[in-house]
Each structure stands twice: as C-alpha cells, then as structure tokens.
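Readers should treat all values here as calculations from the given coordinates under stated rules, not as data from a laboratory. As the structure is a prediction and not an experimental result, all values here were calculated from the model. Cβ atoms come from the backbone with ideal geometry, glycine included; neighbour counts cover every protein chain shown.
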Amino acid sequence: MLIKNTRSKPDFNCPEYEITDESAFINRRQLIKGMAASGALSSLPILAGKASPYSTSEQKTSEYSITHYNNFYEFSLSKEEPAKKAKNFVTNNWQVAVEGEVESPGVYDFEDILKWVQQEERIYRLRCVEAWSMVVPWYGFELRQLIKRLKPTSKAKYVQFETLYDPERMPGQRRGVFNFSSLDWPYVEGLRMDEAMNPLTLMVTGLYGKNIPPQNGAPLRLIVPWKYGFKSIKSIVKIKFVEKQPVNTWQKTAPKEYGFYANVNPDVPHPRWSQAKERRILSESLFSGTRRIKTEFLNGYAEHVAHLYKGMDLSRHF
Ligand code: MTE
C-alpha cells in the first residue's frame, strides 16, 4: 500500500521552498566543494532544511541495495556488477553539451551548472520494468530550473539526453565476440517539454546525503519518478532541444516492448509479463528484505502528472 503524503498540495508555479537567496546557495556549494576536497563530503548531512512536499514518506530502501543492485549497461548486463566495475569511474571536469533549439547552446562545466540551480533532497520511488522498485532519497535540482536558464526556442518540443560514450572507461560499450554490443551507444532518452518542465522531474547529483556513486549515474542523471526506470538516464553529457520526438535506446532496441512514454501503468502489461505488481526492495537482502505490492498508476504520482496524458490512449502510447 502506498502511504500518501499528507502535507499540503504544492503550488506548481512558484513553491516557496524554491526561493533561496543566491549568495547563501553559492556559499553552500563552496562549503561542499571544500569538504569534497578534504574527503569529508561522504559524511555531509543534507542541509536542505525543509522537506520537499513532493517527497514520499514510505520506508526507504537501504543505501546498500540502492548502490549494489543497478541497471547500468555501460558497465555490465548484471545488476550486481556495476558497483564493482564502475568503482574507479572518475568524473572530474565533467562537461555537459547543450544543443539544438535553444538560445544558449554551448559546452558547460558541471560545476558551473550547479552554481545556477538550487538543490534539495527528494524521496522518490524508482520502479523498473522488471517489476522491482526502490524508495530513494535523491539529491538534486528540478530539470525545469536548468531549462529556464538555457531558454529553449519555441521550436523545442522535446528534450533529448545522452550518456557518455567512452568504451575505454565504460567496459559494457566495448564490442565483444561477433562484434556484439548489448545496446546501440550512446544511451539516449527523451521527454516531452511539458514532462521535462514538471517539478517532479529531477536532475540528480546525490543520494543518501552523498555525491551520487558512479554505478547510480555520476555525476548527473535524470529521475522521472512516474516512468519506468529506463527513462532515468545516467551520466549525462548532452542535452539537446529538438522538434521531433526522439527515439530512445530501449524503443530502438525492442520497439514492440518499450515505447517513448514508459509511464508506469499496472493496466498495460509488458508483452512478456504483467506489470500489475512489484517487488519493493527495502533492506540489504534481495530475498528476505522485499515486499510484493500492487503497482500504482503513474507510480503513485497521478495527482501531479495525470493531466499531462489527458485524452491519450495509454495502451497505444506506452
Ligand atoms: N542509463 C544508462 N546510461 N544506462 C543504463 O543501462 N539503465 C536504466 C536507467 N538509466 C540505464 C540508465 C534502467 S533500466 C534503470 S531501472 C535505472 O537506470 C536504474 O537506476 P539505478 O541503478 O540507480 O537504480
């Protein structure tokens, strides 16, 4: 059963908690930078103050499970391997290219992007197509903050994201026997502009009060909590504003099984399995530390996002 958040309904246009004195925010970034340099960041408590009204109050998944049971095909097809194989993935001097229908194209330092935005903790569910789910205390900023700063043109109808392509550093991208590669690289995802501007859509930089570890998509990944986990693209190096609906990686790989929207929907089964139930991973044990629960429409976020799909046939736009 989902425990509904009882806090008052947020005002989407300008929630009070969004407004922060910029100098206070920059000071906080400097503090974090200093702590990172001294190796103290891992023990940094979240300083966000007020809890977000968008967060769920459900029991959180253990940090161990969140960081040791991952889908990250750039490192491995197994869920246990990314934690080991991505351990030494260095993200220093990370840059993000901004392209397409936008007034401010360019290549931006990740550190500079962080100076433009306000970050806070949000506790969101992550529900995978393979019927497991987690509740994760993510840390990051609303994608819409960045989009507003970049100023897309009126032609921009979708946002496309790309993950780093670097087979030297991401062993899963190397071609194996018979020139085999699990996916067509780089990993690509996309959102309609109104989905991208929804306040639930997060750019994540941390979890459990620490910088996001490589296996979860360091240093910058997307979280779209009402969609299946594959929409939440990791280790982003490119954001492109486009007119046409992008073809995302899983849609390209298996178009009958994965669509563009990928909205969590218990009434629309995957062609090979039902999506009506999920296994909520809570503690460290993947055997005893789980609970089978009913999947909620839009992953329990319908009150915030159902209006985006009014009049659409969701069994066709899956
Ligand atoms: N992003 C990239 N670049 N490569 C991937 O393989 N896997 C996706 C998504 N983002 C994936 C990705 C899938 S299928 C899921 S369920 C989530 O990441 C898993 O995120 P987590 O490991 O933080 O739980």
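Observations, loosely collected:
- Trypsin sites (Lys or Arg not before Pro) lying in DSSP loop within segment 255-318, provided at most 13 other Cβ fall within 10 Å: K256, R272, K310, R316
- Whole-Å distance, taken between Cα centres, linking segment 251-285 and segment 200-246: 18 Å
- Hz values of 3J(HN,Hα) by residue in segment 149-162 - Karplus curve (6.51, -1.76, 1.60), Gly and Pro given as x: 5, 7, 6, x, 7, 5, 6, 6, 10, 9, 10, 10, 10, 9
- Between K87 and V107, the contour length at 0.36 nm per residue exceeds the alpha carbon distance by 4.6 nm.
- ³J(HN,Hα), Karplus 6.51/-1.76/1.60, whole Hz, each residue of segment 235-246, x for Gly, Pro: 6, 6, 10, 9, 10, 10, 8, 9, 7, 9, 4, x
- Prolate/oblate/rounded call for segment 16-309, Cα gyration tensor, a/c under 1.5 rounded: rounded
- Surface/4 estimate of mean projected area, convex hull on alpha-carbon atoms of segment 53-182, nm²: 10.6 nm²
- Each residue of segment 167-174 is assigned a 3J(HN,Hα), and the resulting list reads x, 4, 9, 10, x, x, 8, 6 Hz, derived from the Karplus form 6.51 cos²θ - 1.76 cosθ + 1.60 (θ = phi - 60°), x at Gly and Pro.
- Tensor-based shape of segment 214-300 (alpha-carbon gyration tensor, a/c under 1.5 rounded, otherwise prolate or oblate): oblate
- Relative contact order (%) - criterion: Cα under 8 Å, at least six apart; region: segment 41-183: 25 percent
- Distant-in-sequence amide H partners of V237 (H built 1.01 Å from N, under 5 Å): E162, T163, L164
- Whole-Å distance, taken between Cα centres, linking segment 72-142 and segment 144-166: 14 Å
- Cα-projected label distance for A276 with W116, points at 7 Å along beta-carbon direction, nm: 4.6 nm
- For K244, the lysines whose Cα comes closer than 24 Å to its Cα, not counting residues fewer than 8 places off in the same chain, are K148, K151, K155, K157, K227, K231, K234, K252, K256, K310.
- Sites F297 and M193 - FRET efficiency at Förster radius 22 Å, r taken between beta-carbons, to 0.05: 0.45
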